[in-house]
1. Filter region 175-190 down to the residues that are part of a strand (DSSP E or B) and under 21 Å from the mean Cα position of the chain (by Cα), then identify the one that is surrounded by the fewest Cβ atoms within 10 Å (Cβ to Cβ).
2. Take region 140-161 and flag every residue that is in contact with a helix residue (DSSP H, G or I) (Cβ under 6 Å, 6 or more places away or on another chain) and not aliphatic (A, V, I, L, M).
3. Could you please give the count of residues in region 164-174 that are of a type outside the set (A, V, I, L, M), part of a strand (DSSP E or B) and within 18 Å of the chain's Cα centre (by Cα)?
4. For region 112-131, give me each residue that is closer than 14 Å to Leu147 by Cα and either out of contact with any Leu (no Cβ under 7 Å at 6 or more places or on another chain) or aliphatic (A, V, I, L, M) (or both).
5. If I go through region 108-136 residue by residue, how many of them are crowded, with 19+ Cβ neighbours inside 10 Å, among the aliphatic types (A, V, I, L, M) and over 8 Å from the mean Cα position of the chain (by Cα)?
6. In region 145-163, how many are more than 14 Å from His176 (Cβ to Cβ), assigned to a loop (DSSP other than H, G, I, E, B) and in contact with a strand residue (DSSP E or B) (Cβ under 6 Å, 6 or more places away or on another chain)?
7. Taking the residues in region 94-117 that are touching an Asp or Glu at 6+ places or on another chain (Cβ under 8 Å) and over 13 Å from Ala141 (Cα atoms) as candidates, determine which candidate is modelled with the lowest pLDDT.
8. Looking for something modelled with pLDDT under 95, in a loop (DSSP other than H, G, I, E, B) and small (Gly, Ala, Ser) - is there at least one such residue anywhere in region 126-138?
Amino acid sequence: MKLPALPFSKPAGARNASGALLSGEEDELSALRKKNTELQLQLELHHLVIERYRKFIEDGESKSIAELRSLVRPADSAIVEMKILISDQFRPYVYEQNFLHAVQKALDTIFAYRKVSMPVSFWTSFGDITRLHAGEDIDKALLLCSLLRALGSDSAHVLIGKEKNAWVAFDFGEKHYVVDIANRTMSAYPLGDDAIRAFMHAVQYSFNDKEYQDFSEP
């Protein structure tokens, strides 16, 4: 018995005998090109707005050395949420026993964030950093320092280098720890080690929410 011929339809993305795209795929590519053109236009418009108001934005975002302390915020809602997520993994969280493990969990999260370069001088909120999983090195340093302060470290502070490098340092036990944000590393040194004294020559500012030091002054 001869079976009736089944209707045939080309799969999505198929081409005709001449190799040309089918109309459905042509429409899809055309829509993508249109969307890309619209996105490029939006980027150009955003660039125009930023350039026009650059001075106004940067004047509003500028901070004195003393005001840098206000950027370390252990009680910020995004920091509190991160602290809870980390400390809940220990049940109970005991600073003397669990702090270094908590630091490593914090670093695993923050080191995974992408590095970005803002088009203007602009301090990114902790909520925006955690939402975007991205930020400038100094913003990530502020986030980490705030989180370590929330986890119980009285000594955690941000270090800003003469070349605008950013580190976070803290003491725990008999050691001094330095987190290099750009290189995603943490190093430990005995308290008073010569390497730490040499390293501090590259530091211009040191601060947390309680105090600041300006090493740029003679």
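1. Thr185
2. Within region 140-161, Lys140, Ser146, Gly152, Gly161 meet the criteria.
3. The total comes to 1.
4. Within region 112-131, the subset closer than 14 Å to Leu147 by Cα is 125-127, 129-130.
Those that are closer than 14 Å to Leu147 by Cα and either out of contact with any Leu (no Cβ under 7 Å at 6 or more places or on another chain) or aliphatic (A, V, I, L, M) (or both): Ser125, Gly127, Ile129, Thr130.
5. Qualifying residue count, region 108-136: 0.
6. Count: 1.
7. Of the residues in region 94-117, the ones touching an Asp or Glu at 6+ places or on another chain (Cβ under 8 Å) are 115-117.
Checking the rest, the ones that are also over 13 Å from Ala141 (Cα atoms) come to 116-117.
On the way: Val116: 80, Ser117: 75.
Here the residue is Ser117.
8. No - not one qualifying residue is present in region 126-138.
The values are calculated or read from the model by the stated rules, or taken from the named source; none is laboratory data. Just so you know, these numbers come straight off a predicted model, no measurement behind them. Note that each Cβ is placed from the backbone with ideal geometry, even for glycine, and that neighbours are counted across all protein chains shown.
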